[in-house]
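Just so it is clear, none of the values below were taken in a lab; they were calculated from the coordinates. For clarity, every value in this text was computed on a predicted model and none was experimentally measured. Reconstructed Cβ throughout: ideal geometry from the backbone, glycine too, with neighbour counts over all protein chains shown.
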Amino acid sequence: MAGSPLLYYITDRQAFPGDEPTRRRLLLAKIAEAARHGIHSIQLRVKSLSPRDLESLAREAFRKLRTENRELRTALLINSRTDVALATAAAAGVHLPANDVSPADVRKAWSTCGAGAPAREISPRNPLISVSCHSPAEVAQAAANGADLALFAPVFEKKDAPTTLPTGLDSLRQACLAKIPVLALGGITLQNAESCLRAGAAGIAAIRLFQENDIATIVRTLR
């Protein structure tokens, strides 16, 4: 367990209370809070919006990141929608669910479809790509396919999915042998995060841990 762990916040707009404008405002405030306190990556995970509305939200999120951190040390990733990531300068990359397109396909689209487009001029030429993995074999495959990060889940039992079997720390330890940074995800709390890092995880990915708590406290404790 060396160095500072990577911290990766996955958003859940629908978990915020209120109507849609209120949830949007609360989400953007949480994104700003995450950037302010040094979260490394934020995955904009919004499955119920149209591509146009998702692009609009991504642009707003990007403005929040720039306001809180002009050096853009916090990367914004778009869940699944490479097309939306390409359409806006907001994204540093994408997150790919299991069985989605390969990282190689994303990199090809990024270098060809985005080449010369004004929206891509301030974005990284090489996208940051994270991939959902549920077994050590999937992590090894993600590494072979050129992913930058593997989100390994669920390590622990999840409150909202009690019937889903957790992979456990032994499986996480095996996954961390792959030549790619592995982030522990699923049922992560302040009480069990250290055990994930000691198992070899490069960091922690979470929804509730960051979204439902004071991020400054969470970051300070994890580091």
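What to note about this one:
- Among Gln211, Gln43, Gln14: highest mean-square fluctuation, GNM of the chain, C-alpha pairs under 10 Å: Gln14
- Spin-label model, Ser135 to Asp214: label points 7 Å out along the Cα-to-beta-carbon direction sit 4.3 nm apart.
- Cα centroid separation - segment 1-38 against segment 187-223, whole Å: 14
- Among the DSSP helices (H) of the chain, those spanning at least 20 angstrom by Cα along their long axis with an average Kyte-Doolittle hydropathy of -1.0 or more are 20-36; this is a geometric and hydropathy rule only.
- The label-point distance for Asn192 and Lys159, in a model that sets each label 7 Å from Cα toward Cβ, rounds to 1.3 nm.
- Pairs beyond 28 Å (Cα-Cα), from Lys108/Lys159; Lys30/Lys158; Lys159/Lys179: Lys108/Lys159; Lys159/Lys179
- Here the contact order of the chain, divided by its residue count and restricted to Cα pairs under 8 Å and six or more residues apart, works out to 19 percent.
- Shape descriptor for segment 6-222: Rg over Rh equals 0.95 (Cα atoms; Rh from the Kirkwood inverse mean 1/r).
- A simple spin-label model places pseudo-atoms 7 Å from Cα toward Cβ; at Ala98 and Thr221 they are separated by 2.9 nm.
- When the GluC sites (Glu not before Pro) in segment 1-84 are filtered for DSSP coil states and for at most 13 other beta-carbon atoms within 10 Å of their beta-carbon, the remaining sites are Glu71.
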